[in-house]
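The values are calculated or read from the model by the stated rules, or taken from the named source; none is laboratory data. Note that the structure is predicted; figures quoted are calculated from it, not measured. Every residue, glycine among them, receives a Cβ derived from its backbone with ideal geometry; neighbour counts consider all protein chains shown. These accessible areas exclude ligands, DNA and RNA; they are computed on the full protein's heavy atoms, side chains included. Shrake-Rupley method; radii C 1.70, N 1.55, O 1.52, S 1.80 Å.
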Amino acid sequence: MLKRILIIAGLLIVGIASFSLLNKPSAVANKEEQEPLVKVEELHIPTLEMVKEKLNEKYVVVDVKTTSKKELLIQVVGDEEYFNSVKKEIESIAKSVIKTSTIKDYSIVLERWDLFKMPEEFKKEQKELLHLGKTLMEGLKGYGVIGDIGFHYQKSITIQTSFKALDKDAHKLAIEIEETVNEILHSKELNSVSRIDSYEIIIVNTHGKVVN
């Protein structure tokens, strides 16, 4: 039932600085020797982390990186059928994140990763998240307002609801749902999940606004 799991720079503009130092060539040379230029790839890291964090709210993403061909490569875990069913949505989310970055013109390439070929530690994480997701879905189904549940491993659980912005009882019910989640997390069904107390519970409405 739960196939989607949970699962955040730019080029330096050095022209002005260079122009202001044209009359001090020796000082520029010495500074360059002492402080090597930052690699372009390293400047993309904040954007890549944003893409990965956003996608991991709904999917299992192993890595997000750029290539020499000006591609944004996203590695996603799943079988062939699942991978093909989520490709367009993943691409759309990634484009929305990078649209104001220096890699906004990069083409997006998706690569499927087979869970069974993953390192043991990674497989352990995914097994825990799958168990956690199924248990929460089962325990919360009585509320009738639960949508997707996203995970940031050992950090947060984001529960999407059908609450509207003007629902006056949304906060009250969200607090009740949070209490229920806490009860489920500390139940014997999840005693095999590591660092269960490290999860922050976040409940959002249809607009993504936190309501608990």
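In Å², and per residue, what accessible area does the stretch 116-212 have when probed at 1.4 Å with the other protein chains present?
Solvent-accessible surface per residue comes out at 61 Å².
Residue separation times 0.36 nm, minus the C-alpha to C-alpha distance between residue 127 and residue 188: what's the value?
Numbers: separation 61, 0.36 × 61 = 21.96 nm, distance 1.68 nm.
So the extension gain works out to 20.3 nm.
Under 19 Å Cα to Cα from residue 123, which aspartates and glutamates show up? Leave out anything in the same chain fewer than 8 places away.
Qualifying aspartates and glutamates at Cα under 19 Å: 53, 57, 63, 79, 80, 111, 114.
If the cut-off is a Cα-Cα distance under 19 Å, which aspartates and glutamates reach residue 172, setting aside same-chain residues fewer than 8 apart in sequence?
Within reach: 183, 200.
Please label the shape of the stretch 96-212 as rounded, prolate or oblate, based on the square roots a ≥ b ≥ c of the eigenvalues of the alpha-carbon gyration tensor (a/c under 1.5 means rounded; beyond that, a/b larger than b/c means prolate, else oblate). List each step's numbers first, then the result.
Details: a/c = 2.42, a/b = 1.16, b/c = 2.09.
Cα axes put the stretch 96-212 in the oblate bin.
For a quick protection proxy, order the peptides 163-169, 73-79 by their average other-Cβ count within 10 Å, most packed first. Write out the running numbers ahead of the final one.
Working: 163-169: 11.6, 73-79: 18.9.
Top of the packing list down: 73-79, 163-169.
Expressed as a whole percentage, what fraction of the accessible surface of the stretch 110-212 belongs to carbon and sulfur atoms when a 1.4 Å probe is rolled over the protein heavy atoms?
Answer for the stretch 110-212: carbon and sulfur cover 52 percent of the accessible area.
Convert each backbone phi in the stretch 121-130 into a coupling constant with the Karplus relation 6.51 cos²θ - 1.76 cosθ + 1.60 (shift: θ = phi - 60°), then list the ³J(HN,Hα) values in order as whole Hz, x for Gly and Pro.
Along the stretch 121-130, the couplings run 5, 5, 5, 5, 4, 5, 5, 5, 5, 5 Hz.
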